[in-house]
Amino acid sequence: MRIEVAGRHIDVGEALRTHISERLEEVVLKYAARATDARATVSRDGHMYVCDCTTHLSTGMKAQASGKADEVYAACDQAVARLEKQLRRYKRRLKDHHHHRSEPIPAFDASAYVLDAAYEEPQVDVESEATDNFWTPAVIAETTQPVARLTVGEAVMQMELAHANFLLFVNDGVGRLNAVYRREDGHIGWIDPVSSDTAS
């Protein structure tokens, strides 16, 4: 398994690099023996240290976790511990998932944009005609986001492993875009849009 430890605007010394690598390898191989790689990124947020850990499995699943503390080793240990908790929770399902799929999860890249949160809606006279540029926030970043073909159960597991609140995926059962998301009441929501053929 390939492990990469990097610093973002911070120098990661050899001792810290070795510490993180050993902890990541121990945890990932214990709960996800078929991991292909793992990455840890250490950065600063004011006086606090932040460590983001990600590991990719051979089937295409991805698990990630973050830690934050006022001491760099504590932040890294916290991130690895959280990653371990996620992998331990899904250990049996990850093994079943691997046996169920002989090939990695198919996915395609979708365009993803970051919009300027500071955008303010212009004041428009309600008596006047609306303009085409009534709501046009600035795009401050462009990237791509993989959209995988998953069952609903796999999508929920991937969302949990990625520590995300929302996941867009192609439903393997019906072949159309679906979404799962974390509700405020703690349950998981599932959106399955009605196809245009059946909407009328």
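The values are calculated or read from the model by the stated rules, or taken from the named source; none is laboratory data. Computed from a predicted model, the values in this text were never measured in an experiment. Don't worry about glycine lacking a Cβ; one is built from the backbone with ideal geometry, like all the others, and counts go over all protein chains shown.
Cβ separations smaller than 7 Å between residues 6+ apart or across chains give the following pairs from segment 18-38 residues that are in the same structural domain as ARG88 (by TED's automatic domain parsing) to residues that are basic (Lys, Arg): TYR31/ARG88; TYR31/LYS91; ASP37/ARG2.
To keep it simple, each residue is scored yes or no on (1) of a type in the set (Phe, Trp, Tyr); (2) modelled with pLDDT of 85 or more; (3) surrounded by 10 or more Cβ atoms within 10 Å (Cβ to Cβ).
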| residue | (1), (2), (3) |
| --- | --- |
| GLN64 | no, yes, yes |
| HIS99 | no, no, no |
| SER102 | no, no, no |
| LEU115 | no, no, yes |
| PRO122 | no, no, yes |
| ASP125 | no, no, no |
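Condition (residue is under 19 Å from HIS163 (Cβ atoms), among the aromatic types (Phe, Trp, Tyr) and part of a helix (DSSP H, G or I)) applied to segment 81-93: is it met by at least one residue? No. Could you figure out which of (1) of a type in the set (A, V, I, L, M, F, W, C); (2) closer than 16 Å to LEU57 by Cβ; (3) buried (at least 20 other Cβ atoms within 10 Å of the Cβ) isn't true of ALA162? If we test ALA162 against (1) of a type in the set (A, V, I, L, M, F, W, C); (2) closer than 16 Å to LEU57 by Cβ; (3) buried (at least 20 other Cβ atoms within 10 Å of the Cβ), just (3) comes out false.
Listed here are the strands (runs of 3 or more DSSP E) enclosed by segment 140-200 that have at least 3 residues being touching a residue at least 24 places away in the same chain (Cβ under 8 Å): 177-182. Any residue that is under 19 Å from the mean Cα position of the chain (by Cα), among the charged types (D, E, K, R) and within 30 Å of PRO106 (Cα to Cα) - is there at least one of those in segment 10-25? No: zero hits.
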